[in-house]
1. Can you tell me which residue among VAL221, VAL190 is within 26 Å of GLY164 (Cβ to Cβ) and either of a type outside the set (Lys, Arg) or touching a Pro at 6+ places or on another chain (Cβ under 7 Å) (or both)?
2. Filter the stretch 243-268 down to the residues that are closer than 20 Å to PRO66 by Cβ and not in a loop (DSSP other than H, G, I, E, B), then identify the one that is farthest from the chain's Cα centre (by Cα).
3. Looking at THR13, THR8 in this structure, which one is touching a strand residue (DSSP E or B) at 6+ places or on another chain (Cβ under 9 Å), surrounded by 17 or more Cβ atoms within 10 Å (Cβ to Cβ) and farther than 17 Å from PRO128 by Cα?
4. Could you look through the stretch 107-118, keep only residues that are touching a strand residue (DSSP E or B) at 6+ places or on another chain (Cβ under 6 Å) and either assigned to a loop (DSSP other than H, G, I, E, B) or free of Cβ contacts under 8 Å to residues at least 40 places away in the same chain (or both), and pick out the one that is surrounded by the most Cβ atoms within 10 Å (Cβ to Cβ)?
5. For the stretch 184-230, which positions are at pLDDT 95 or above, of a type in the set (A, V, I, L, M) and either in a loop (DSSP other than H, G, I, E, B) or over 20 Å from PHE75 (Cα atoms) (or both)?
6. Read through the list (1) of a type in the set (Asp, Glu); (2) touching a strand residue (DSSP E or B) at 6+ places or on another chain (Cβ under 8 Å); (3) surrounded by fewer than 17 Cβ atoms within 10 Å (Cβ to Cβ), then give the number of the only condition that GLU19 fails.
7. Restricting attention to the stretch 119-131, and to residues there that are crowded, with 22+ Cβ neighbours inside 10 Å and in contact with a Phe, Trp or Tyr (Cβ under 8 Å, 6 or more places away or on another chain), which single residue is farthest from PHE80 (Cα to Cα)?
8. For the stretch 35-74, give me each residue that is in contact with a helix residue (DSSP H, G or I) (Cβ under 6 Å, 6 or more places away or on another chain) and not basic (Lys, Arg).
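The values are calculated or read from the model by the stated rules, or taken from the named source; none is laboratory data. All values reported here derive from a predicted model rather than from experimental measurement. Here the Cβ positions follow ideal geometry from the backbone for every residue, glycine too, while neighbour counts run over all protein chains shown.
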Amino acid sequence: MAEFRTVTFECVTVNGRGEIIDRRTHKARQFVETLKGGVELALVGIPAGRFLMGAGRGEGAADERPQHPVDMAAFWLGQFAVTQAQWAAVLDDEPPYRCRGAERPADRVSWAAAQRFGQRLAAQTGRPYRLPSEAEWEYACRAGTTTPFYFGETITTDLANYVGEYRYGEEAAGVYRHVTTAVGSFPPNVWGLYDMHGNVWEWCADAWHHGYEGAPGDGRVWAGGSTFWRVLRGGCWHDPPEFCRSAARLKQGPEEGEDFFGCRVALTAVGEGDAD
């Protein structure tokens with residue numbers, strides 16, 4: 001069973017010292033899938049548009065360049081990372097979670113396991129669930145922003161879960177929680193996506209490329225590249241803020257399910273008539 005809803009939420013913007021300088025209320029269109037046991041999985045609509053993918057001047061690493069324009073079609077993306085309750089409602093084989101809790105993200109998830117989750121979810125619902133492309137992930141994370149984080153020029157541990165003993169800008173040092181937090185614990189971006197910075201790294205469908213030379217300009221999964229490495233985005237609870245930026249990337253083998261690896265699902269298209 002599935003239905004459409006409209007959700008309302010508050011977003012914040014910070015200055016270079018991590019001080020909140022703006023608060024605004026936004027709305028998003030939500031597609032809610034009801035899974036086994038009444039567990040809900042929510043996606044939000046990501047509008048079509050164009051963005052500059054990759055790190056801006058003075059930011060990031062060589063594999064985040066060159067910055068390049070990408071034209072994106074509309075799609076849907078999980079409002080939260082896949083939770084342990086959602087995983088159990090779809091798959092019988094749960095990872096040996098490091099941080100247990102029904103509303104915490106499923107961790108120790110490998111790329112191969114994330115693929116299985118999407119495939120099983122698609123089979124159960126009749127809708128083509130999948131991992132997002134790397135371009136889809138970054139476009140959705142930025143939500144129209146060009147700053148290192150969707151909050152602004154920096155980040156704080158009041159806004160995301162990472163190693164707050166390290167600083168990115170001029171903000172005060174924060175906390176290091178040593179564990180994941182329940183999904184949705186911090187403010188979302190203006191498209192209604194939560195925890196795109198920190199908490200768990202999230203797998204993308206793409207193979208790893210060492211930079212963006214020759215990258216597709218339409219947001220699709222980039223073919224070719226490494227025959228082994230796969231891509232994760234977003235940083236985690238065990239990383240400094242530098243690795244939680246919108247443009248930051250990580251490569252890992254497809255069978256690696258580290259303590260801080262998770263995923264969220266995407267859906268290419270769904271119309272009002274597709275809800276049960």
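1. Details: VAL221 fails: within 26 Å of GLY164 (Cβ to Cβ).
The match here is VAL190.
2. Restricting attention to the stretch 243-268, the residues satisfying the condition of being closer than 20 Å to PRO66 by Cβ are 245-251.
Then drop every residue that is not not in a loop (DSSP other than H, G, I, E, B), which leaves 249-251.
Working: ARG249: 12, LEU250: 13, LYS251: 15 Å.
So, considering only residues that are closer than 20 Å to PRO66 by Cβ and not in a loop (DSSP other than H, G, I, E, B), the one farthest from the chain's Cα centre (by Cα) is LYS251.
3. Details: THR8 fails: surrounded by 17 or more Cβ atoms within 10 Å (Cβ to Cβ).
From the options THR13, THR8, the qualifying one is THR13.
4. We begin by selecting, within the stretch 107-118, every residue touching a strand residue (DSSP E or B) at 6+ places or on another chain (Cβ under 6 Å); these are 107, 109, 111, 114, 118.
Add one more test, that the residue is either assigned to a loop (DSSP other than H, G, I, E, B) or free of Cβ contacts under 8 Å to residues at least 40 places away in the same chain (or both), and what stays is 107, 109.
Working: ASP107: 26, VAL109: 28.
If we take residues in the stretch 107-118 being touching a strand residue (DSSP E or B) at 6+ places or on another chain (Cβ under 6 Å) and either assigned to a loop (DSSP other than H, G, I, E, B) or free of Cβ contacts under 8 Å to residues at least 40 places away in the same chain (or both), then VAL109 is surrounded by the most Cβ atoms within 10 Å (Cβ to Cβ).
5. Answer for the stretch 184-230, where residues must be at pLDDT 95 or above, of a type in the set (A, V, I, L, M) and either in a loop (DSSP other than H, G, I, E, B) or over 20 Å from PHE75 (Cα atoms) (or both): VAL190, LEU193, MET196, VAL200, ALA207, ALA215, VAL221.
6. Only one criterion is unmet by GLU19, namely (2).
7. Applying the first criterion (crowded, with 22+ Cβ neighbours inside 10 Å) to the stretch 119-131 yields 121, 129, 131.
Filter again for in contact with a Phe, Trp or Tyr (Cβ under 8 Å, 6 or more places away or on another chain), leaving 121, 131.
Numbers: LEU121: 16, LEU131: 13 Å.
So the residue we want is LEU121.
8. Residues of the stretch 35-74 that are in contact with a helix residue (DSSP H, G or I) (Cβ under 6 Å, 6 or more places away or on another chain), as a first pass: 35-37, 39, 41, 46, 51, 53-55, 70, 72.
Selection gives LEU35, GLY37, VAL39, LEU41, ILE46, PHE51, MET53, GLY54, ALA55, VAL70, MET72.
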